[in-house]
Amino acid sequence: MNPRRDKAAGTASQTSQVRPVWSLSAHAGRLITLALAGLIIAVITRRPEFAGVAAPAVLLLAARRPERPERIGVSASPSAMRLSEDEQADLQVAVTGYGDYSVELLVHPRFAVVPGPPDGPADGGPADGGPGGGPVTGPGGQPAAELGGGPGDGASRLPFHIGRSGRRSLGVLEITLRDRWRLTEGRVTVELPTVDCYPRPAAQQTRVVLSRLPSRLGDHPSRSSGEGMEFTGVREFVPGDRQRRINWPATTRRGRLQLNTFAAERTQNVVIIADASSDVGEPGSTPLDLAFRGSAAAAHAYLAVRDRVGLVVYQRSVRWIAPGLGARHYYRIMDLMLADPRATGRLSLGGGITRLPRAALPPGSLILVFSPLLDRRLVETLRDLRERGFSILIIDVLNAGPSGRTDGLSRLARRIWRMEQEAIRFSLRELGIPLVRWDGVQSLDEPLAPYTRRVMVSRR
Amino acid sequence: MTAARSAVAAGLLAAGCVAWSAIPLTAGGAGIALLTTAIACAVFSAARLALGATPVEPVAFLNPVVRAGRSMADLARVLPWAEGMVVAVLVLEALHRSPPWHTGLLGAALLAYLFATHLAETWARPSVLRPQAPLIAAGLGLLALAVGSAALPAGTGSTADLIVVLAALAAIVVGGLALPR
């Protein structure tokens, strides 16, 4: 599922008038140095050839013209305000009123924002038509694109993608104006907007289905008979049954009217717990990233079959959204993942998940937990939930361990840590909580396969 | 790629300018000091082009070695190495009595070095210099004029030399004023 695009983003930005800060360019400073040094040496040594050395520099400096645009119009807006990780988008930059100056655009990206190669000017803009030629790019601070001189208006598209989910500021756009002699520079700095980057959902085609489902119409065949599509057996006809379901071959064999029975189709409530309390390891593949990607995949997979999906984010505080249906609910879940825990915290960790309202954690729900199990309080909460009869499935996303020195004491400490982790997992399995490992690379279907091939028995 | 080519050209021109101005090295201690200064400035100027712009990543969480390296790189970026090399090379050239054409060639090479440095640091293509081509040609013509006037046998004494210098200066100023604004 592609994240919803904000179609209005490209046109919503307004052109702001900004005043450039003008100064002599470094090139002009070097020419002045050459000219002054040549002339001074010529006068001191009385050698006219040194005055000749200064001549080209003096000529070039004499060509500098004082006319400059007082203000230029700048608008910068991303092509989409909502992206998923590594989804390519464009920053559309338009500059107006720069006269015959050449314009150079340079993006200083913030954390996780990766500028991509520009793919040419936007439609309707005379970008790259000036003396600067085509755009050049590079991550080391070199210009991202150039707008040509000429009519004074230009636009360019600067591709970028975001490598890690979150609410990301794109960075700062630096605009440099240069006159045709490259002697005067005007600089403008523009703060770029913030973009919501949703976690990239992992691949998941199959689903875990509980053996007991609430009596609400859905897509999962349940144990009880009903009006579904899946054939479950044959029974004797009783008055009131539908005649169209009479099984005539069985009726002929037994001599009495026989009826086909079908499984009732029910929905299930799925509550996903994303453990965002630990963010260790390489940025982009930390347990936090994996937990969000797995949660996004699970939410997408279950919403696709009209299950009701809720989310609980376990971080500094517990944030939740009650189970709901539909594509719009998917974006509510995504927005909850991106929400700032300081701004939207709804329950302190002291309260914990066990104090969530009944609407957020309906009885009989399937609880999928994406967690590295590093937080003891979450482990205790899961034990408590299991003892209250919830069906829990833990997807272990721990993919990093303590690193450090290689001396004997450090090795011993790491070994004890690993044993503690194994003990935590063993105790959870002993409580009847299934636990699978997921590395974030493979499809979620692989670790979940033992539980998706048949219904998962919900024990109370 | 264009910027890399410009940076290589700037480095080669800097090396050529230093070598051209240093030969023959006859000025003793002052010459050695100037040559050292010119070489250092040329090296740091090339390093500045190779380092590029200041990275935007915060340095707060870097280890001390990397932070020290960043500080050195920032030093290379901040100081005007190219200007220093130009001054050192011209003074070095003035220390020994070389023929006027020798100085003229050095001036042309220095101008090319400055343009190559500018192209490398702004990641611009050489075509951006096209509007300046007539001025550069006129400047090189004046340079040739000055070299020629220096090579011609002039009157004797310091006054004659001073007149030659003033004439060259006047030619430059007139050339600059005559340009359309």
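Numerical summary
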quantity: Among (1) in a strand (DSSP E or B); (2) in contact (Cβ under 8 Å) with a residue 60 or more places away in the chain - the single one residue A:201 does not satisfy; calculated: (1)
quantity: Only listed residue being under 16 Å from residue A:375 (Cβ atoms) and buried (at least 17 other Cβ atoms within 10 Å of the Cβ), chosen from A:291, A:264; calculated: A:291
quantity: Failed criterion for residue B:82 (all others in (1) more than 8 Å from chain A (Cβ to nearest Cβ); (2) within 19 Å of residue B:18 (Cβ to Cβ); (3) within 15 Å of the chain's Cα centre (by Cα) hold); calculated: (1)
quantity: Evaluation of residue A:251 against (1) touching a strand residue (DSSP E or B) at 6+ places or on another chain (Cβ under 6 Å); (2) assigned to a helix (DSSP H, G or I); (3) in contact (Cβ under 8 Å) with a residue 60 or more places away in the chain (one fails), failing number; calculated: (3)
quantity: Subset of region A:55-65 [within 7 Å of another protein chain (Cβ to nearest Cβ) and outside any helix (DSSP H, G or I)]; calculated: A:63, A:65
quantity: Region A:426-460, residues that are closer than 27 Å to residue A:200 by Cβ and among the basic types (Lys, Arg); calculated: A:437, A:453
quantity: Selection from region A:26-54 of residues that are among the small types (Gly, Ala, Ser) and either surrounded by fewer than 20 Cβ atoms within 10 Å (Cβ to Cβ) or more than 8 Å from chain B (Cβ to nearest Cβ) (or both); calculated: A:26, A:28, A:29, A:35
quantity: Flag for residue A:304 being closer than 19 Å to residue A:196 by Cα and either at pLDDT 95 or above or surrounded by fewer than 19 Cβ atoms within 10 Å (Cβ to Cβ) (or both); calculated: no
quantity: Test: residue in region B:110-133 that is among the acidic types (Asp, Glu), more than 22 Å from residue B:2 (Cβ to Cβ) and part of a helix (DSSP H, G or I); calculated: no
quantity: Candidate set: region B:1-56, residues that are of a type in the set (S, T, N, Q) and in a helix (DSSP H, G or I); chosen: the one modelled with the lowest pLDDT; calculated: B:2
quantity: Flag if residue B:135 is more than 15 Å from the chain's Cα centre (by Cα) and more than 9 Å from every other protein chain (Cβ to nearest Cβ); calculated: no
quantity: Test: residue in region A:414-424 that is assigned to a strand (DSSP E or B), among the basic types (Lys, Arg) and out of contact with any Cys (no Cβ under 6 Å at 6 or more places or on another chain); calculated: no
quantity: Answer residue from region A:60-114, given it is crowded, with 22+ Cβ neighbours inside 10 Å and more than 22 Å from residue A:160 (Cβ to Cβ) and is modelled with the highest pLDDT among those; calculated: A:72
quantity: Unmet criterion (only one of (1) assigned to a helix (DSSP H, G or I); (2) in contact (Cβ under 8 Å) with a residue 60 or more places away in the chain; (3) surrounded by fewer than 16 Cβ atoms within 10 Å (Cβ to Cβ); (4) not hydrophobic (A, V, I, L, M, F, W, C)) for residue A:451; calculated: (3)
quantity: Filter pass, residue B:169 being exposed (fewer than 15 other Cβ atoms within 10 Å of the Cβ), within 7 Å of chain A (Cβ to nearest Cβ) and modelled with pLDDT under 90; calculated: no
quantity: Positions within region B:92-107 being crowded, with 21+ Cβ neighbours inside 10 Å and within 9 Å of chain A (Cβ to nearest Cβ), in sequence order; calculated: B:93, B:94, B:103, B:104, B:106, B:107
quantity: Residues that are surrounded by 12 or more Cβ atoms within 10 Å (Cβ to Cβ) and hydroxyl-bearing (Ser, Thr, Tyr), drawn from region A:385-439; calculated: A:391, A:410, A:427
quantity: Check on residue A:183, within 14 Å of another protein chain (Cβ to nearest Cβ), under 30 Å from residue A:339 (Cα atoms) and in contact (Cβ under 8 Å) with a residue 24 or more places away in the chain; calculated: no
quantity: Extreme residue, surrounded by the most Cβ atoms within 10 Å (Cβ to Cβ), among residues of region A:267-288 that are assigned to a loop (DSSP other than H, G, I, E, B) and acidic (Asp, Glu); calculated: A:279
quantity: Hey, residue A:408 assigned by TED's automatic domain parsing to the domain that holds residue A:448 and touching a residue at least 12 places away in the same chain (Cβ under 8 Å) or not; calculated: no
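The values are calculated or read from the model by the stated rules, or taken from the named source; none is laboratory data. Just so it is clear, the model here is predicted, and its values are computed rather than measured. Quick reminder, even Gly has a Cβ in these numbers, built from the backbone with ideal geometry, and neighbours come from all protein chains shown.
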